[in-house]
Amino acid sequence: MPLYEHVFLARQDVSTQQVEGLQQTFRTLIEDNGGSVAKTEYWGLKSLAYRVKKNRKAHFTLLNIDAPHNAVAEMERQMSLSTDVIRFMTIRVDEHEDGPSAMMRRSDRDERDGRRGPRRDRDHDRGDRGERAPRESNAEKTAAPKDANEDDSQ
């Protein structure tokens, strides 16, 4: 049977227990139509990039499904009728990922330590692109040039 990864988003105002009920409903629907759900992951209540049906947040859930196409099509039809599901996406995959999904792995996010990358100094060596002349300070820019004819011994 084909393998699928399915993610659905539930409205922000439903409880976690109601989301678990939705998961169980869709799992039962798949199993009744001759398939199986290999893994279920609840990713939590997350902010959306833009409003979806007047919601700024949604409950995210992943289902790894091993089922015939008809079972997945029926599940998607039921989701489109449900008022609690605001978006869903199903992707056919060659094999399911072992272990937790990328969203559940915390180690990847902790390694970044809040920084985007190494800072580069302004006077950093430019390598093959040539060296940059040192910048003048504001004091050097505003100082009046000395006249060669003036006497410094006054």
Original post:
Inside region 39-75, can you point out the residues that are touching an Asp or Glu at 6+ places or on another chain (Cβ under 9 Å), under 16 Å from E20 (Cα atoms) and of a type in the set (A, V, I, L, M)?
Top reply: L62, L63
Subject >> Unique residue being in contact with a helix residue (DSSP H, G or I) (Cβ under 6 Å, 6 or more places away or on another chain) and modelled with pLDDT under 95 when the list is A71, A49 >> reply: A71
Original post:
Considering region 43-85 alone, what residues qualify as being touching a strand residue (DSSP E or B) at 6+ places or on another chain (Cβ under 6 Å) and among the acidic types (D, E)?
Top reply: D66, D84
Original post:
What is the residue count in region 25-64 for residues that are among the hydrophobic types (A, V, I, L, M, F, W, C), surrounded by 19 or more Cβ atoms within 10 Å (Cβ to Cβ) and either free of Cβ contacts under 8 Å to residues at least 40 places away in the same chain or assigned to a helix (DSSP H, G or I) (or both)?
Top reply: 4
**OP:** For region 1-24, enumerate the residues that are closer than 18 Å to N64 by Cβ and surrounded by fewer than 15 Cβ atoms within 10 Å (Cβ to Cβ).
**Re:** M1, P2, E20, Q24
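Restrict the check to region 65-80 and report whether at least one residue is closer than 15 Å to L29 by Cα, part of a helix (DSSP H, G or I) and in contact with a Pro (Cβ under 9 Å, 6 or more places away or on another chain).
Within region 65-80 (the criterion being closer than 15 Å to L29 by Cα, part of a helix (DSSP H, G or I) and in contact with a Pro (Cβ under 9 Å, 6 or more places away or on another chain)), the answer is yes, since at least one residue qualifies.
The values are calculated or read from the model by the stated rules, or taken from the named source; none is laboratory data. Quick caveat: nothing in here was measured; it's all calculated off a predicted structure. Cβ: placed from backbone, ideal geometry, glycine included. Neighbour counts: every protein chain shown.
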